[in-house]
Structure formats: C-alpha cells, structure tokens
C-alpha cells in the first residue's frame with residue numbers, strides 16, 4: 001500500500017535553444033530526396049522517408065518479425081471531433097523551428113515555395129480567421145505532420161520502413177499517411193491537398209449562393225451500446241422514403257436537404273455533415289421517435305466535409321489522381337506509386353489499399369463518403385494485432401480516441417505495446433524510449449488480460465470525518481518481464497484519493513435526502529448497499545455503503561487494475577483465482593467488499609480497549625483516525641485479495 005516514488009524527468013528545456021544533438025553518423029537529407037539517389041537498392045517507384053546511417057542501430061536492426069506490430073497514424077481532422085475546434089493553431093510550428101532550426105527551416109521554406117505563397121507566415125502570425133480557412137488549414141495541418149516526421153528521421157535516425165508496419169490517417173490525415181507509406185511524394189501530396197481544399201471551399205460557397213441555408217458538421221456522442229441503434233435510426237430517417245438519403249443525394253435531392261454520417265470515430269461518437277437545418281430535423285426525429293438522446297456538439301467548420309455536397313470535389317480529385325507527377329524528374333510518371341513500403345488503411349473501406357486503381361478510386365471517394373475510423377482501428381487491433389500506435393500531428397484528441405478504443409494509454413507492458421503521440425518536441429524523447437522498451441515484447445504471454453481490482457478503500461465517520469484510507473498500486477503482469485524493472489505506479493496519489501473520498505459526501509447526503517422524502521421510517525437514516533456512487537473516469541468508479549450507525553464505506557474500483565491469465569483464451573487456469581478476462585464488476589462482487597469491511601469494523605468495535613467516541617465524538621466535531629493494526633491489516637487483505645467473482649477476502 002506504499003506510494004511509489006516517481007522519477008523526475010530529465011528533460012532539459014535548454015535544448016530548445018540549441019536544438020537536439022544530431023547523431024554524428026547521420027548525414028543531412030534534402031527535403032525531396034528520392035530514395036533512388038540515396039539508396040540504389042531501394043525501388044525507385046516510391047519516395048522513402050529515411051535517413052542514412054545506423055541512427056538507433058540496435059533497435060533499427062530488429063526485424064519486423066521479432067517486435068510487436070506497429071501503426072503510424074495521423075489524427076488530423078479538419079475540425080476537432082470532440083471540442084468543436086480546429087486542430088490548427090497560430091504558432092503551432094514555432095516549437096519545432098526553435099528546437100530544430102537546421103532541419104525545420106529548410107522544410108518550411110520548401111513548403112512555401114511549393115505552394116507559391118507564405119503559408120508559414122499565416123501559421124506563425126495569423127490571423128486565426130485566415131489560418132482556419134479551409135484552403136489554408138488543410139495544407140497547414142498536413143505539412144505540420146510531415147515536418148514532425150522529417151525531424152524524427154533526420155534528427156533521431158528514425159527508420160520508418162524498419163519500425164512501422166502500417167499507416168493510416170483520419171480524413172485529411174490520409175494524405176500524410178500515403179506520403180509516409182510511400183504511395184505519393186510530398187510535393188504532389190501538398191499540391192493535391194491544396195487543390196482539394198480549394199474545391200471543397202468552392203462547393204460550400206456554391207451551395208450557399210444557389211440554395212441558401214447553413215452548412216457544417218455536428219458531432220454526436222452517445223453511450224457505446226446505443227451507437228449502432230442510433231446509426232440505424234439515422235439511416236432510417238435518411239432512407240429511401242425520406243429526402244436526404246445517401247442514394248438520393250447523388251441524384252435529385254437538392255444540397256439543402258443532403259446529410260450524411262461523415263465520420264464514425266469511436267464506439268460512442270459519430271459526426272453528421274450537411275445542411276444544419278436538416279441535421280436539426282434529424283436530431284428532433286431520433287429524440288422523439290427513436291428513443292435516443294445523443295449529446296450534439298457543433299463543430300467550428302462552415303464546410304460539410306464528407307457529404308454529398310462535396311461530389312464535384314470528388315470528381316475533380318479523381319482526374320487529378322489520374323494525372324502525372326509534378327516533381328522535377330518525375331513528370332512522366334503517375335502521381336500514385338504502387339506498391340508502397342507498407343500497408344496504408346483507406347478511410348472508405350477500413351482496409352489496406354490493394355491496387356493502384358483501388359487507391360485512386362477510394363481516395364477520391366473520401367471527399368464524399370464516410371470516414372470509417374472506428375472500423376479501421378478495430379481491424380488493426382483485432383485482426384492485424386497491432387500493439388503499438390504512434391500518432392503524429394497537431395492536437396491530442398485523436399491519440400486519446402485511439403487509446404480509448406484499444407484500451408491503452410502510454411506504455412502498457414501487459415498488452416505488450418502502447419499508444420503515444422508526438423505533437424510537441426518535448427514528447428519525442430518519451431516516445432522513442434517507450435518504443436525501445438517495447439521492442440522485444442512480441443513474445444509476451446498473449447493469454448494475459450486485465451480485470452478490475454480495488455484501487456482505494458475508505459471509511460468515513462458519522463460526522464463526515466475521515467477514519468481510514470488505504471490505496472493500492474496498479475498490479476503488474478504476473479509474467480516476469482525483463483523490460484519492467486519496477487511495479488507500475490498508482491494512477492493517483494493518496495492525496496488525490498482523499499479528495500475523491502470527500503467528494504462522495506455530497507452523494508451520500510443527496511441519497512439521504514431522497515430517502516427522507518420517500519420514506520416515513522428511520523427518520524431519514526439511509527442504511528444498506530448504495531451501489532455505484534459515480535464514475536470517476538473510464539477506468540475508475542466509486543461504490544458506497546452506509547451502516548445503520550451512519551458510518552460510510554467507500555471502495556474505488558479500477559476496471560483494468562490487475563493483470564491475469566485469461567482462462568477464456570486458450571484454456572489457461574493460472575493467474576489470479578483463474579478468473580476470466582471477460583469478468584466485469586457486478587453488484588454481488590461489490591457487496592462482498594462491503595461485507596468484509598463491515599466485518600472488520602465490527603471486530604474493531606468489539607475490542608474492549610476501543611473507544612468509539614475517539615472517532616465519532618458526541619459533540620459532532622472532528623475525530624481521530626483508526627490506527628488499529630488489526631483493522632489496517634484487514635483492509636490490506638481485502639484490497640489485495642478481492643477479485644470479481646472470486647471467493648473470500650483473504651480472511652477479512
């Protein structure tokens with residue numbers, strides 16, 4: 001129950017002034033260098049993001065077959081799907097220019113040259129209204145991601161081909177993913193994203209001028225088990241019997257009535273795109289007749305991306321993708337190069353591109369069709385068995401979205417991987433270190449899973465005074481791990497748990513008030529199992545119980561706090577009590593915690609030397625904490641031995 005000490009970061013801010021040291025054995029690479037001129041044995045048909053020299057030689061030398069599957073993703077939506085804000089921000093390149101001037105400045109200058117105007121000045125100085133314009137925001141976001149990738153290669157010797165297996169990008173991020181995957185050169189991609197942005201802005205302008213109305217995007221957030229029924233209800237409203245369906249929108253329905261599900265981002269979030277008035281009608285319909293009440297968030301975008309309104313942009317993109325490259329020396333070659341150096345996942349199909357023609361078709365259709373991000377993540381997680389996820393680009397919401405879907409945040413030695421993101425120079429060191437530490441985890445026991453465990457136990461006196469609090473660290477994998485030198489730290493400190501414990505008082509009081517209003521007995525005294533008090537976050541939940549003397553027991557349960565062998569996977573019977581990884585927290589399991597705590601408390605009261613008035617004074621003020629060694633030992637046994645569905649509490 002001791003609190004582990006956290007190591008202090010060795011990050012030195014002074015490195016911003018001089019830039020990170022460049023490995024001496026790494027030579028500079030020109031921004032648009034073709035791998036044919038740098039590595040003769042590489043196919044000349046694909047641009048390689050790479051740097052010569054061993055760099056991280058020990059890790060780069062590790063073969064793909066000996067490490068966990070790794071995905072590089074670009075979560076760069078045109079608009080932040082949760083906060084309703086654009087991921088582009090004035091000054092977002094400044095940290096990179098300050099930290100790595102010798103690498104970043106030539107790249108930024110090259111971007112300005114390719115675009116034919118000073119995009120870098122707009123990014124650096126704004127105004128924000130100019131930067132957020134579609135024609136500027138999309139090239140800025142894509143260029144920022146590639147800039148970060150270049151810095152990884154040139155400053156740190158990161159070899160993309162050797163350390164990554166698959167790449168994907170959310171919406172606009174698909175452009176950066178295709179560059180990283182070797183399917184299109186950056187110069188061509190920058191031109192395409194600029195033209196796509198101009199075409200989309202023109203589609204929105206024409207719709208407003210010709211039909212009037214307001215256009216944009218609205219994110220809907222619902223409970224995970226309600227998402228699929230909600231999608232069905234939306235499709236029903238936009239079905240063949242109703243204007244605005246996908247099939248009709250392509251034919252005779254005017255843009256003012258066109259709406260489409262633009263993004264399916266996660267198990268509880270989708271985005272609608274199209275006419276705002278029509279979207280409001282749809283929401284009224286599903287709330288009144290569909291039994292759904294999703295939270296709706298209007299995104300700060302005046303363009304309905306991924307909707308039938310963008311059909312002209314899709315047709316123009318199809319012609320551009322059939323054209324020739326704009327890169328000097330490649331004018332006689334196609335824009336699209338196939339195959340690439342790794343798989344790239346399509347937004348439209350949620351599967352890898354399988355041919356050059358399919359790539360052209362799906363990429364152009366992405367202007368109009370739904371971004372199947374959730375399906376893409378599930379495919380890579382469940383079928384490809386990707387265990388390491390590296391997000392690159394401005395903003396952090398995208399990486400958090402992936403982390404929630406795959407059940408990891410940062411390094412996760414139990415699952416043999418992790419989810420990381422690089423949107424700031426200070427994050428590079430942490431990510432590269434985590435990649436090194438998880439490089440050899442492929443042979444980790446795949447029959448490991450996580451189950452709920454107790455994170456904290458608390459006892460509150462009848463005067464609302466704290467009597468006891470015990471905290472328990474996150475359990476490490478029962479399988480020895482050479483890469484893990486110490487137990488994983490607690491998610492929260494004892495002080496933070498003390499604050500969470502005090503926050504339950506209002507809930508106890510509120511339920512007491514409700515009990516008084518609905519019952520004429522016990523003078524408003526609430527006793528018995530209260531069950532779930534509230535959910536702290538996606539992992540931690542508080543459960544409560546009040547005795548007939550007014551003493552409250554609280555248990556904080558971590559939904560993924562303990563690693564065990566899953567007997568549901570491969571028939572293993574080991575681990576903690578041989579429980580199955582599918583085990584959740586049931587009401588009967590929580591009652592077992594409180595029954596054991598009450599038994600320990602009654603045993604404390606039976607001690608002839610125990611003075612109850614010390615802990616709950618008759619004057620209603622203060623009170624001492626419980627110091628009984630027997631009681632403290634009982635709490636420790638309960639916290640460490642409890643498992644959902646398990647028998648007994650270690651003798652408590």
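Read-outs: derived from the displayed coordinates by stated rules, not from any lab. Because the structure is predicted, anything quoted here is derived from the model rather than measured. FYI the Cβ positions are ideal-geometry reconstructions off the backbone, even for glycines, and counts take in every protein chain you see.
Distance between the 7 Å Cα→Cβ label points at residue 296 and residue 319: 3.7 nm. Note on 130, 70, 167: ascending count of other Cβ atoms within 10 Å places them as 130, 70, 167, the fewest first.
Can you put 439, 587 in order of Cβ neighbours within 10 angstrom, beginning with the fewest? Provide the component values of the computation, followed by the final result.
Working: 439 20, 587 11.
By the 10 Å Cβ count, ascending, the order reads 587, 439.
A simple spin-label model places pseudo-atoms 7 Å from Cα toward Cβ; at residue 98 and residue 226 they are separated by 4.4 nm. Note on segment 118-170 and segment 302-360: Cα centroid distance 19 Å, given to the nearest whole angstrom. Exposure proxy ranking for 508, 545, based on other Cβ atoms within 10 angstrom of each Cβ and starting from the fewest, stands as 508, 545.
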